[in-house]
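Report on one structure; see the data block that follows.
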Amino acid sequence: MPTEWQELTEKQVYELLPFVYADRHNPEVRSALLKVLFPIPKAIFRRMDAFDVFRLQEQCLWVWDKPVDQKAIGEFSFNQVQYILPESDFSNLTIIEYGMADHYFRAFSRQNPDTQAINFLVATLCRPQAKKLNVNDPEWNGDRREKYNSKIAERRAQEFGPLDILTKIIVLQRFIQGQKVIHSSYREIFEESKTKSSAAVQGPNLGWIGVIDDLAETGTFGDWEKTAFTALHTILFHLRKKFYQRKELEQNS
């Protein structure tokens, strides 16, 4: 029996994802889950002791206890086009790409959700392979996806309506997991943004676009366009450095 997401086939991942949002204490849910993870012939299952069945079901609880392995599915096909998901640690995201994805995620996850926002989230994060990709080119930035373009993403979002819900959930899970990574790695920035309205993190109602604008004014990473397409982790590292520099100045003043 598989004991973690990375041991599953792509088919099993799709079959198991709905269970992540189901009641783990429901006996019918547990039985259905067991059939996916460890299909037992009916003739044998009927002869099994109830306690042994319960013990097997207990071995399936990792589906709820362990986060969905974001490497389980790295791409999907839709309308004869192969779309690539971003890395699970957001190592190949730019600041503009993350800012737009965060905007759509918030719109989808609010109390009165914008149900179309998840299509825009998928279109923002998932893109076909870049044309003339050369992984041996010294200028290659490590991202196989084509460069982010907001107009193309908006057009694709309109086309993603019929995309199956499980694929959308996988992309949503990928984004949530990536957010956990950056919130943990750069917790100082995000903790500061919760306690006060910090211009270095979140301008008044401007979000990450405001961050790009602030950094572009200083020219640290170039003009607005160059700053927008700077790697997310590079931006976050810079903001964390500035955070500690401010703290040091406050202590010495």
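Numerical summary
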read-out	value
Meets criteria (at pLDDT 95 or above and either basic (Lys, Arg) or farther than 21 Å from residue 108 by Cα (or both)) for residue 128	yes
Output for segment 113-134, where each listed residue is under 16 Å from residue 81 (Cα atoms), in contact with a Phe, Trp or Tyr (Cβ under 7 Å, 6 or more places away or on another chain) and open to solvent by 60 Å² or more (accessible area, probe 1.4 Å)	none
Filter result for residue 98 (in contact with a strand residue (DSSP E or B) (Cβ under 9 Å, 6 or more places away or on another chain) and open to solvent by less than 50 Å² (accessible area, probe 1.4 Å))	no
In segment 5-17, the residues that are within 19 Å of the chain's Cα centre (by Cα) and exposed (fewer than 15 other Cβ atoms within 10 Å of the Cβ)	6, 10
Residue among 101, 43, 123, 107 that is more than 24 Å from the chain's Cα centre (by Cα) and part of a helix (DSSP H, G or I)	43
So residue 88, is it of a type in the set (Ser, Thr, Tyr), open to solvent by less than 50 Å² (accessible area, probe 1.4 Å), on the phi < 0 side of the Ramachandran plot and not assigned by the TED database to the domain that holds residue 140	no
Residues that are closer than 22 Å to residue 142 by Cα and open to solvent by 60 Å² or more (accessible area, probe 1.4 Å), drawn from segment 230-251	234, 237
Selection from segment 64-98 of residues that are modelled with pLDDT under 95 and in a helix (DSSP H, G or I)	64, 65
Test: residue in segment 213-225 that is under 23 Å from residue 184 (Cα atoms), part of a helix (DSSP H, G or I) and touching a residue at least 24 places away in the same chain (Cβ under 8 Å)	no
Residues within segment 136-182 that are within 15 Å of residue 91 (Cβ to Cβ) and open to solvent by 50 Å² or more (accessible area, probe 1.4 Å), tallied	4
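The values are calculated or read from the model by the stated rules, or taken from the named source; none is laboratory data. Please read these numbers as outputs of a predicted model, since none were measured by experiment. Cβ sites come from the backbone with ideal geometry, for glycine too, and all protein chains shown count toward neighbours. Side chains are part of the model used for accessible areas, which takes the heavy atoms of the whole protein and leaves out ligands, DNA and RNA. Shrake-Rupley method; radii C 1.70, N 1.55, O 1.52, S 1.80 Å.
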